[in-house]
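This report concerns only the one structure given below.
The values are calculated or read from the model by the stated rules, or taken from the named source; none is laboratory data. Remember, it's a predicted structure, so these values are computed and weren't measured experimentally. Don't worry about glycine lacking a Cβ; one is built from the backbone with ideal geometry, like all the others, and counts go over all protein chains shown. With ligands, DNA and RNA removed, areas are computed over all heavy atoms of the protein, side chains included. Shrake-Rupley method; radii C 1.70, N 1.55, O 1.52, S 1.80 Å.
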Amino acid sequence: MRLLFIFTILLITFTSVVKADENTFNLTSSEPAGSITLSDALDLALSANPDLSVVTREREAINGVRLQAAARPNPTISTLMEDTRNSTRQTTILFDQPIELGNKRDNRIKSADIRYEAVNADIAIKKSEIYGNVLSAFYDVLAAQERLNLAKSSLEVAKQAREAASKKVLAGKISPVEETKSKVAESGIRIEANQATSTLNTARKRLASMWGSTYPKFQKVEGQIENIHEVPPLPELSAMLDNAPAIQRAKLEIDVRQAQVSIENTKRTPDLTLSVGAKRNEELGLNQAVLGFSIPIPIFDRNQGNLQEAVSRTDKARDEFAAFKIQLETQLGSAYERLSVARQSVETLHNEILPGAQSAFDAAAKGFEFGKFNFLDVLDAQRTLVQAKSQYINALQEAHQASAEIKRILGDAMPEAAAKP
């Protein structure tokens, strides 16, 4: 029986823990071990981001504030005994009920509701930040993968050039100095490949941290880095700014402060306390009803200091909102300008520079095979091509970073159709 009792207690405890755990925020992620897409990364981050869990806990706390705001004052019961002798003793029992005047309870409830809306706005802001950060981190990984592929292909070309130079040296067609140059070039590109691998590992860790993982399980990301997200023109983006989560939160902060002004203002109205009771007079043998009320006289303390503080903080919130809106408009304009410049760079590199660099390299490589060019010409052409491809990747990455910043600022105010590649 004793073992059965202990087992029952353990089972009840385990069940309670499981039920409590069901109400907690999911901080575990089902990260795939192979490749992930942008959609996978966003789903993982929104389901297991630690920062989002913190804001969600705050909303749970505000629910408690709303519950407490609706509570009414508790009644009190008291007793008073006059004289301790049985024959002459008088005993009074009083039941006191405070009654709030000046709409105190309604204003508390309104303030709590506004604070709840503000926390919901905080959650929307955090989701926008997560969305933008995941976009930024995802395309950092994609760009790092492209740089590593570029380094590997360059290394393969350098290896082939070094082997070709070695054969020409053995055949006595070129100087051994050319072979030495080819080996030096191959070693330099191998160093760049190692650096690209390190950069990729760092980018993968940053992306995995978006869903609380300290070590990434995924091996690579799948996406088209050349597909830059389309965004509306700047005037349309500026018009969307009024509905951005950060702007909505700043407006709600003014409402929160104004609600506090209303609360402090109602405190200037004193509360009434009604008293109902009975008095037993042993000397006369009588039971007497006792009725009364009490109300403070607001002569010295009229809550003037707290009211002044609340009004000043409301004015401060308005000033902060004006400054914050200007700051966001500046950030939005800067991000849009970055995106425009990056797009122009991508188009120029793709349509003009890359084709020319590739053509020059192909001509130099073929000429080297037929002995028309020396290896230095091939090395210069290869370096120019690699540099152009690297600039192309950098421009694409900058475009995605600027697009992510715009999404981070506007959040859900930016239509999803405009954010799709």
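For region 201-215, state whether one or more residues are polar (S, T, N, Q), under 23 Å from residue 361 (Cα atoms) and at pLDDT below 85. Please lay out each step first, then the result.
Residues of region 201-215 polar (S, T, N, Q): 201-202, 209, 213-214.
Going one step further and asking which of them are under 23 Å from residue 361 (Cα atoms), we end up with none.
Scanning region 201-215, I find no residue that is polar (S, T, N, Q), under 23 Å from residue 361 (Cα atoms) and at pLDDT below 85, so the answer is no.
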(Q) Considering only region 40-61, I want to know if a residue exists there that is surrounded by 15 or more Cβ atoms within 10 Å (Cβ to Cβ), more than 23 Å from residue 268 (Cβ to Cβ) and among the β-branched types (Val, Ile, Thr). (A) yes
Q | All positions within region 263-279 that are of a type in the set (Lys, Arg) and open to solvent by 60 Å² or more (accessible area, probe 1.4 Å) | A | 267, 268
Q: Could you run through region 69-119 and say how many residues are of a type in the set (Phe, Trp, Tyr) and either open to solvent by 80 Å² or more (accessible area, probe 1.4 Å) or in contact with a strand residue (DSSP E or B) (Cβ under 8 Å, 6 or more places away or on another chain) (or both)?
A: 1
Q | Residues of region 199-243 satisfying the condition of being touching a Lys or Arg at 6+ places or on another chain (Cβ under 8 Å) and either crowded, with 18+ Cβ neighbours inside 10 Å or not in a loop (DSSP other than H, G, I, E, B) (or both) | A | 199, 200, 208, 216, 218, 228, 229, 241
(Q) Just the residues that are polar (S, T, N, Q) and touching a Leu at 6+ places or on another chain (Cβ under 8 Å), please, taken from region 60-95. (A) 78, 79, 91, 92
Q: Kindly indicate the residue of region 280-326 that is open to solvent by 50 Å² or more (accessible area, probe 1.4 Å) and in a strand (DSSP E or B) and also farthest from residue 255 (Cα to Cα) among those meeting that condition.
A: 286
Q. Name the residues in region 80-97 that are within 15 Å of residue 277 (Cβ to Cβ) and not β-branched (Val, Ile, Thr), would you?
A. 80, 81, 82, 90, 94, 95, 96, 97
Q) Is it true that residue 324 is hydrophobic (A, V, I, L, M, F, W, C) and under 30 Å from residue 89 (Cβ atoms)? A) no
